[in-house]
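The values are calculated or read from the model by the stated rules, or taken from the named source; none is laboratory data. Bear in mind that the values here come from a model prediction, so they are computed numbers and not experimental data. Backbone-built Cβ (ideal geometry, glycine too); neighbour counts: all protein chains shown.
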Amino acid sequence: MNLPVVPFGKPRGERADAVRNRERLLQTAREMIAECGTQKVTMDGLAERAGLGKGTVFRRFGTRAGIFQALLDEDERRFQEQVMFGPPPLGPGAGPVERLIAYGRARIAFLLDNHGTARASLDRTKPIPVGGATMTRPHIRMLLGQIRPSPPYPDTLAVQLTAALEGPLLLYLSMDEAAAEPAPEAHPLAESWQNLIQRLLPEAHFPQ
């Protein structure tokens, strides 16, 4: 059984004009990022470029980090749809250990591909979240529940694997811009995740 897609994005029941304003602001933000990078996107600049009032931007996003969080939420929804409905091994149809490895590798690739947006979405006045509003922990827990023989303490194991996956990655994202270099295709974080899962859940744990 698959988990439902986490309801990121615009709340249900929004007025039509609010929906249009949100979509206009997000599209404008993406254009600004493509042209000059995340560092040049400001609340004032976004409002001016979109032709909307500054108050509209603040009501919609709250903070500058909120702009990038909203962008990341849209991309997150698409990522979740690939996990829920896409081809295996990321999507349904593969064994749980294979899917667990594929999820970690895809999750790392997702945030590294969205590195600038993910960095800008972090509110430096608050603790760095680990697996907060993402599907990572419940998805890992679901896959652990499908493994036979079942690993011991699957609930706490899911928490620990979530921290192992998203903790180092988010610390990487919080590094100074100069210290964060473009990621190679086989990033050490992805390789380390696969090595961890293969050692923790060896071939004997694949369903027979």
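Can you pull out the residues in segment 33-65 that are among the small types (Gly, Ala, Ser) and under 23 Å from the mean Cα position of the chain (by Cα)?
Pass one, segment 33-65, residues among the small types (Gly, Ala, Ser): 34, 37, 45, 47, 50-51, 53, 55, 62, 65.
Residues satisfying the conditions are ALA34, GLY37, GLY62, ALA65.
Being more than 18 Å from the chain's Cα centre (by Cα), modelled with pLDDT of 55 or more, under 26 Å from MET84 (Cβ atoms) and part of a helix (DSSP H, G or I) narrows it down to one residue among ARG30, ARG22; which is it?
Details: ARG30 fails: more than 18 Å from the chain's Cα centre (by Cα).
Result of the check over ARG30, ARG22: ARG22.
For residues that are under 20 Å from the mean Cα position of the chain (by Cα) and either modelled with pLDDT of 70 or more or aliphatic (A, V, I, L, M) (or both), tally how many sit in segment 176-196.
Residues flagged as under 20 Å from the mean Cα position of the chain (by Cα) and either modelled with pLDDT of 70 or more or aliphatic (A, V, I, L, M) (or both) within segment 176-196 amount to 11.
Among the residues of segment 152-175, are any at pLDDT 65 or above, within 24 Å of ARG77 (Cα to Cα), among the hydrophobic types (A, V, I, L, M, F, W, C) and in a loop (DSSP other than H, G, I, E, B)?
no
For segment 38-84, what are the residues that are of a type in the set (Ser, Thr, Tyr) and more than 18 Å from ARG20 (Cβ to Cβ)? Explain how you work it out, then say what you get.
At the first step, the residues of segment 38-84 found to be of a type in the set (Ser, Thr, Tyr) are 38, 42, 56, 63.
If the condition is that a residue be of a type in the set (Ser, Thr, Tyr) and more than 18 Å from ARG20 (Cβ to Cβ), then THR38, THR42, THR63 are the ones that fit.
Which of (1) within 22 Å of TRP193 (Cβ to Cβ); (2) modelled with pLDDT of 95 or more; (3) touching a Ser or Thr at 6+ places or on another chain (Cβ under 7 Å) is the odd one out, the single condition LEU122 does not satisfy?
Failed condition: (2).
Quick check on segment 85-105. Is at least one of its residues closer than 26 Å to MET43 by Cα, outside any helix (DSSP H, G or I) and in contact (Cβ under 8 Å) with a residue 60 or more places away in the chain? First the steps, then the outcome.
Going through segment 85-105, the residues closer than 26 Å to MET43 by Cα turn out to be none.
No, segment 85-105 contains no residue that is closer than 26 Å to MET43 by Cα, outside any helix (DSSP H, G or I) and in contact (Cβ under 8 Å) with a residue 60 or more places away in the chain.
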